[in-house]
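The values are calculated or read from the model by the stated rules, or taken from the named source; none is laboratory data. All figures in this text were calculated on a predicted structure; none of them were measured in a lab. Cβ sites come from the backbone with ideal geometry, for glycine too, and all protein chains shown count toward neighbours. Note: accessible area is taken over every heavy atom of the protein model, side chains too, but ligands, DNA and RNA are not part of it. Shrake-Rupley method; radii C 1.70, N 1.55, O 1.52, S 1.80 Å.
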Amino acid sequence: MRNSLKYLRRLIVSLVLLPCTISANFPSSLFGFQQEQQTDISVFLQWVRVLENHIKLDTPEGNCDEKSFNRCHLRNWQAFLGEIRQLPLKQQLTQVNRYANSKKYILDMDNYGMSDYWAVAREFLYNGGDCEDYAIIKLFSLRWLGFSVESTRIVILQDTNLRVAHAVLAVENKGDIMILDNQIEEVVSHKEIVHYSPVYSINENNWWLHLPN
């Protein structure tokens, strides 16, 4: 993740930013930072790979004790989502956050032999992962539950308390932004978190550069 922030800073210097527009459904301020919308997500190669490969049709049959992801793991995830599909929105957010956070935290270097790797859902459900992997599985869980693309974003940020890079999922809800975080058990408003400085956020269609007021 640290490499991601270094890469982004180099990217910002080299890119000519596109005209600024604001999402109609998402508040314009996140953690007190303004946003500039960009449209070319292809520069984020890890995210593009996730979008292309997050679920494969050739997932093999098997049982959940096997040491590779199979349809048993996939069915367990879908069964959980089916159980919460009729809950109120805030309860869905809480359940999705807790479900993902129950998975094992493990660094990318230990999992994949590289310092920064964005795992697709099937990889995370079996292997566990680090902060951006939690955010990714939460995003696709909410998408399965019917949340719109415009209402959800993965946010890459700086934790100013720990002085490390971090990632969370941000979800628009009635003019507020709720944060699903693997470091926080409860889902809270971004207004309640004062030690996060967003660098960029991204969904399937666009990405946003975040700038101090």
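Values as computed for the structure displayed
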{"read-out": "Restricting region 178-208 to residues that are open to solvent by 30 Å² or more (accessible area, probe 1.4 Å) and within 13 Å of the chain's Cα centre (by Cα), the residue that is farthest from V164 (Cα to Cα)", "value": "E204"}
{"read-out": "Count of residues meeting criterion [surrounded by 15 or more Cβ atoms within 10 Å (Cβ to Cβ) and basic (K, R)] in region 72-118", "value": "1"}
{"read-out": "All positions within region 119-131 that are acidic (D, E) and touching a residue at least 60 places away in the same chain (Cβ under 8 Å)", "value": "D130"}
{"read-out": "Test result for K191, among the charged types (D, E, K, R), farther than 26 Å from I106 by Cα and in contact with an Asp or Glu (Cβ under 8 Å, 6 or more places away or on another chain)", "value": "yes"}
{"read-out": "Single residue of K103, K67 found to be assigned to a loop (DSSP other than H, G, I, E, B), at pLDDT below 90 and not hydrophobic (A, V, I, L, M, F, W, C)", "value": "K67"}
{"read-out": "Sole residue being in a strand (DSSP E or B) and surrounded by fewer than 16 Cβ atoms within 10 Å (Cβ to Cβ), chosen from L211, L169, L157", "value": "L211"}
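Yes/no per residue for (1) free of Cβ contacts under 8 Å to residues at least 60 places away in the same chain; (2) over 11 Å from the mean Cα position of the chain (by Cα); (3) assigned to a loop (DSSP other than H, G, I, E, B):
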site	(1), (2), (3)
D110	yes, yes, no
D133	yes, no, no
I136	no, no, no
F140	no, no, no
